[in-house]
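The values are calculated or read from the model by the stated rules, or taken from the named source; none is laboratory data. These figures come from a predicted structure and were not determined experimentally. Virtual Cβ from ideal backbone geometry, glycine too; neighbours counted across all protein chains shown.
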Amino acid sequence: MWAIIPVIVALLAPVFVSTVFSYPQTPFIDIENIAVRSNGQLLLNYITSPTTYLIDPARSPAVPELIYSFPGTNSTAGITETIPDVFAVVAGNYSTSTFQGTWGSFAVWTIDLRGGLPATVKKVASIPDAHGLDGATVLPSAPHIVLIADSSLGVIWSVDTSTGAYSQIIQESGLDPSSTFLLGVNGIKVYQDNLYFTNSAQRTYARIQIDPATGAAIGPVTILATLPEDLTAYDDFAMDSAGNAWVTAHDSSLYKISTSGDQTLVYGPDAALLNEPTSAAFGRGSPAQECLLYVVTAGSAGESSGQVLALNTC
């Protein structure tokens with residue numbers, strides 16, 4: 001059973017936007033996900049490349065530096081920090097034309113930056129039964145446990161990065177894709193023993209109460225917000241300290257959604273700058289850095305490639 005909460009849409013005051021880095025139009029490069037190190041540096045994953053790059057927004061110019069290229073794959077997706085400066089990364093084979101992954105191609109790796117560069121990289125687990133791994137997050141009470149959205153199957157996987165053990169931990173209809181749009185559950189984050197998630201196909205932002213020790217569902221799906229009809233789909237999101245989600249939306253918008261379901265348009269629609277936003281993450285370090293929301297974009301083939309943008313949210 002789903003509980004549906006009304007949505008209020010308003011417009012925030014304009015926010016300052018700057019471009020940290022922009023890829024040339026060709027070859028087309030689609031940035032899929034982002035994480036932020038404690039020193040403020042950014043880690044970027046790409047749906048069009050099996051790589052993770054590092055970029056330092058404090059440098060001028062900010063230039064991406066290759067951390068690792070994952071063998072036997074063509075893309076990277078979710079990324080999340082497990083312990084300080086160790087990040088779990090999803091890699092696999094993915095088609096940007098069909099929005100489908102390749103069975104048997106997905107694996108979870110860790111990138112250890114505690115010793116600096118070059119990073120120590122290792123495969124944690126191959127997941128042959130996964131079909132389209134995407135967003136990733138950790139359990140705050142057990143950060144060695146990574147939860148990963150399977151957008152194609154409409155399930156949440158649990159991966160123990162210390163042992164490599166994995167299983168399907170949540171199966172709910174609220175996670176499912178549709179027959180016409182094959183991307184279901186997309187971005188995921190945990191806040192106060194709830195798993196918050198976007199569903200691209202169902203155009204919803206929702207939560208489900210989970211067991212804090214295992215990540216298993218212990219309550220029903222509650223829909224908090226629904227995307228306005230003139231937009232295509234919610235994608236991934238960042239969550240602030242108050243539990244507000246800053247949700248990217250295709251084609252060119254950014255929304256803020258509270259834990260009670262109030263939905264506010266923060267930026268857009270503006271395809272001239274925010275062209276196909278895919279994910280977001282808050283800066284780390286000083287209060288000024290923590291005000292910055294970094295948003296990455298996919299761009300549109302033939303128009304623009306991916307960008308890293310910074311929005312001042314304070």
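Looking only at region 161-185, count every residue that is β-branched (Val, Ile, Thr), free of Cβ contacts under 8 Å to residues at least 40 places away in the same chain and closer than 21 Å to Ile208 by Cβ and tell me the total.
0
Can you tell me which residue within region 277-293, out of those that are assigned to a loop (DSSP other than H, G, I, E, B) and modelled with pLDDT of 95 or more, is nearest to Thr96 (Cα to Cα)?
Among residues in region 277-293 that are assigned to a loop (DSSP other than H, G, I, E, B) and modelled with pLDDT of 95 or more, the one nearest to Thr96 (Cα to Cα) is Gly283.
Residues are listed down the side, and each one gets a yes or a no for (1) in contact (Cβ under 8 Å) with a residue 12 or more places away in the chain; (2) among the hydroxyl-bearing types (Ser, Thr, Tyr); (3) not in a loop (DSSP other than H, G, I, E, B):
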{"site": "Ala125", "(1), (2), (3)": "yes, no, yes"}
{"site": "Ile148", "(1), (2), (3)": "yes, no, yes"}
{"site": "Val159", "(1), (2), (3)": "yes, no, yes"}
{"site": "Ile188", "(1), (2), (3)": "yes, no, yes"}
{"site": "Thr198", "(1), (2), (3)": "yes, yes, yes"}
{"site": "Leu231", "(1), (2), (3)": "yes, no, no"}
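Being within 25 Å of Ser286 (Cβ to Cβ), modelled with pLDDT of 95 or more and surrounded by fewer than 17 Cβ atoms within 10 Å (Cβ to Cβ) is the filter here, so list the residues in region 62-76 that pass it.
Selection gives Glu65 alone.
Which condition number does Asn186 fail, the rest of (1) surrounded by fewer than 22 Cβ atoms within 10 Å (Cβ to Cβ); (2) under 16 Å from Leu254 (Cα atoms); (3) at pLDDT 95 or above; (4) in contact with an Asp or Glu (Cβ under 7 Å, 6 or more places away or on another chain) being met?
(1)
Test Leu175 against the criterion of being buried (at least 24 other Cβ atoms within 10 Å of the Cβ) and of a type in the set (A, V, I, L, M, F, W, C), and give yes or no.
yes
Grab the strands (runs of 3 or more DSSP E) fully contained in region 59-100, keeping just those with 1 or more residues being polar (S, T, N, Q).
Passing ranges, in order: 65-69, 75-83.
Any chance region 7-17 includes a residue that's modelled with pLDDT under 95, exposed (fewer than 14 other Cβ atoms within 10 Å of the Cβ), over 22 Å from Phe282 (Cβ atoms) and not β-branched (Val, Ile, Thr)?
Within region 7-17 (the criterion being modelled with pLDDT under 95, exposed (fewer than 14 other Cβ atoms within 10 Å of the Cβ), over 22 Å from Phe282 (Cβ atoms) and not β-branched (Val, Ile, Thr)), the answer is no, since none of the residues qualifies.
Taking region 21-61 as the search range and keeping residues that are over 15 Å from Gly306 (Cβ atoms) and crowded, with 21+ Cβ neighbours inside 10 Å, which one is farthest from the chain's Cα centre (by Cα)?
Val36
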